[in-house]
Every structure is written in structure tokens, then in C-alpha cells.
Amino acid sequence: MYLIEVKRNGKYIYDGAVALAVQVYAQKNLFLGEDMVFPYLTEPLVQVGRYQNAREEANLEYMKENGINLVRRDTGGGTIYLDMGGVNFCFVSDNTSASADINFDQMYAPAIEILKELGLKNVEKSGRNDLHVDGKKVSGGAMNVVNGRTYSGYSLLLDIDEEKMEKSLKPNKKKMESKGIKSVRSRVSALRNHLDEEYKNLSSIEFSELMILKIFGAADRSEVKTYDLTDEDWAGIDQLMAEKYSNWEWTFGKSPRFKYSRDGRFSIGTLDITLDVDGGIIQHAKIYGDFFGNQEIRTVEEVLEGVRLKEEDLLSALSSIDLSHYLGSITKEEIVKLILE
């Protein structure tokens, strides 16, 4: 078994999107003859499941205000908030059978034994893909099987920033109809609260190091077999970042078709915008309200259709017409903010 860390030129990278790119690159390109383990820590990040509607699951306005990034992963499951309080591990292993099933019991079994050693006597797998202690979630996992290789992982909630977690994941209360898979929110508990006294004061980095030694059954790092990512590897990882994990088309364009409404009150009166969105692109728009306009509002609706649900694209589209003829003294910035809030 090899340890692979998110480290470039000797420096650790605390970016969960980069960590995701490392794991997926390794799954597709690294064949070391043994299983691979990827520990990582990340600055604040919201990670949506592959089949979810990112706009429904994440509070994008709050995230933008607080510098919290968004990334779509390759595996299914629900949306999670990650930060430096979470200690994360991913695994890539070869299967003897191409038809191997997704097995969370098998993935979690070693982690459960380690956590029991560290004081979590009541830790157990709950539901499909979580670990609970006394009915509260301390870990969530994800897994898929591609081309005979299992890609799996879990996040250990050592510490929890409850305010950021709640505000980042809280779905917008505006009206939305979506075919995307919705997350089921669970009560969570900081894993630190359940550790034995000797481990309670460990930092996230120290806890990650402890878990690495336990996973490898090693007394110190010298006994841990490690693979260092090469310049060639990093070129492939950079390409993945550009094509997927830092790319709007992957993050938002992969969202399923949905219909939603946004309404607000402005100096011109009330404005209610209803959009049909597919692949992150507006297919149909309807605008209602008690505003006064000199020309048909259908022109504004047509300008929005075919446009990506992205701030700069919406602003560009609305700049092509004089909004005052249709809606009065409202700015394109006000309209875009209403659409994206």
C-alpha cells in the first residue's frame, strides 16, 4: 500500500479541489501494483455529489461572501462542507472482479477499528454511508467502481464549524423544482468530543498523521511506503483542474434540469423571474411583476434564454438591450443578483 500526499515541490496544498484532481488522476493513471491512500486537509470548501443540483444544495451567495469554494466530485452521495476541521482519506484499489459491488462496510471496517482504539467505543456504521456515535454523524463516505478499480473515501469530522456548515449547505428557500438528488441533513458531532484524553488536543494535522500510522500499522513515517507525485503527474493533475474541477461547465453545467423562481421588490415594483434551466443553461424565461414598461417584456426573456446561469454571462446578455424600455429604472446588476441569490 502506497501513501500519496497532496504535496508539490515539498509543500502541502490545502485545496480540496486539487486533492480531488490528484485522486482521480491516480485512479486513471497510476498503477503501482498496490492500493493507494490519499490523506488531505482543505480550506473551506463545499463538495456536491456527481448527480446533484449545485444551486439547490449550496448557498452560493453566502459562500461567495465568505470565500468558500465549490467543487463537484466524481462520486454520488450528498453535499458536504469541508474545512481544516475535517480529516479526509481516499483510497484507490484494484478489484479482482470487474463487477465488484460498492461496499461501504468493507471500506469503513479498518476505520471503525482504529477509531475504537482512539476512544470511540460506540462508533458504528449507520445508514448507507455514514459513521455515527450515539446517534450523531462523525463521518460520511462516498465510493464508486470504475474499470475494475474502487475509488472510495471518508471525512472524519474532528472539529465542526457549525455556523459555516449550516449556512453553506442550507438550500435556498426560494421556490425550486429539481430532478437532482437532494441531500439528507443529519445531526453531526465533533469527533474530538469522543476521543480518549491523550488524543483530545491533537491538531487536524497531528490527527491525520496519527491516522496514517494506524492505517499503515507503522510506528513512524519511515515505515510508510510513499509515492511522490512527479512533474509529469502534476501536468496531468493541472489539466484535470482546468478541464473539470475549476471549470464552470463541470461544476454547474452538470446540474440536472430544474425550474425555479426568484422574486423581489425594487423601486420599479415587484419582479418575479421563473427559469427553466438544463445543463446550467437557461432554456426558457418568464418575467412577471407590477412594474411599468413601454415595450414587450418578452424581449428581455428572449435575451436570457440560451445563456449560462453565470454572473458575467447574464450581465453580458442584459447589456445588449436598454432595460429601461422594458422594466424602468432597474439595473442589470440588480436583476442578476435576484436571479443568482
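The values are calculated or read from the model by the stated rules, or taken from the named source; none is laboratory data. Computed from a prediction, not measured in an experiment: that's the story for all the values here. All Cβ positions, glycine included, derive from the backbone under ideal geometry; neighbour counts span all protein chains shown. All accessible areas refer to the heavy atoms of the entire protein, side chains included, with ligands and DNA or RNA removed. Shrake-Rupley method; radii C 1.70, N 1.55, O 1.52, S 1.80 Å.
Some values worked out for this structure:
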| read-out | value |
| --- | --- |
| Estimated inter-spin distance, I102 and D276, nm [label 7 Å along Cα→Cβ] | 3.0 nm |
| FRET efficiency estimate (nearest 0.05) - Cβ-Cβ, D290 to H325, R0 25 angstrom | 0.90 |
| Cα-Cα over 29 Å, subset of K167/K244; K64/K225; K7/K214; K167/K225 | K64/K225; K167/K225 |
| Efficiency of FRET from Cβ geometry, Y12 and A219, R₀ 30 Å, rounded to 0.05 | 0.85 |
| Virtual spin-label span in nm between L315 and D159, 7 Å along Cα→Cβ | 3.6 nm |
| The range 192-298: GluC sites (Glu not before Pro) in DSSP loop, at most 11 other beta carbons within 10 Å | E296 |
| With all protein chains modelled, accessible area of R298 [1.4 Å, Å²] | 80 Å² |
| Surface accessible to a 1.4 Å probe, S267 within the full protein complex, Å² | 110 Å² |
| Average Cα contact separation per residue, the range 1-106, under 8 Å, 6 or more apart, as relative contact order % | 31 percent |
| Extension gain (nm, one decimal) between N247 and K200, 0.36 nm per residue minus Cα-Cα | 13.0 nm |
| Shape box of the range 1-135 [Cα atoms, principal axes, largest first, Å] | 44, 41, 32 |
| DSSP bridge pairs, the range 39-113: antiparallel proportion in percent, nearest 5 | 55 percent |
| For S155, solvent-accessible area (1.4 Å; no DNA, RNA or ligand), Å² | 10 Å² |
| Principal axis dimensions, largest first and in whole angstrom, of the range 268-341 by Cα | 33, 21, 19 |
| Cα→Cβ-extended label distance, 7 Å offset, between S267 and D134, nm | 5.6 nm |
| M143, M84, ranked by accessible area, largest first (probe 1.4 Å) | M84, M143 |
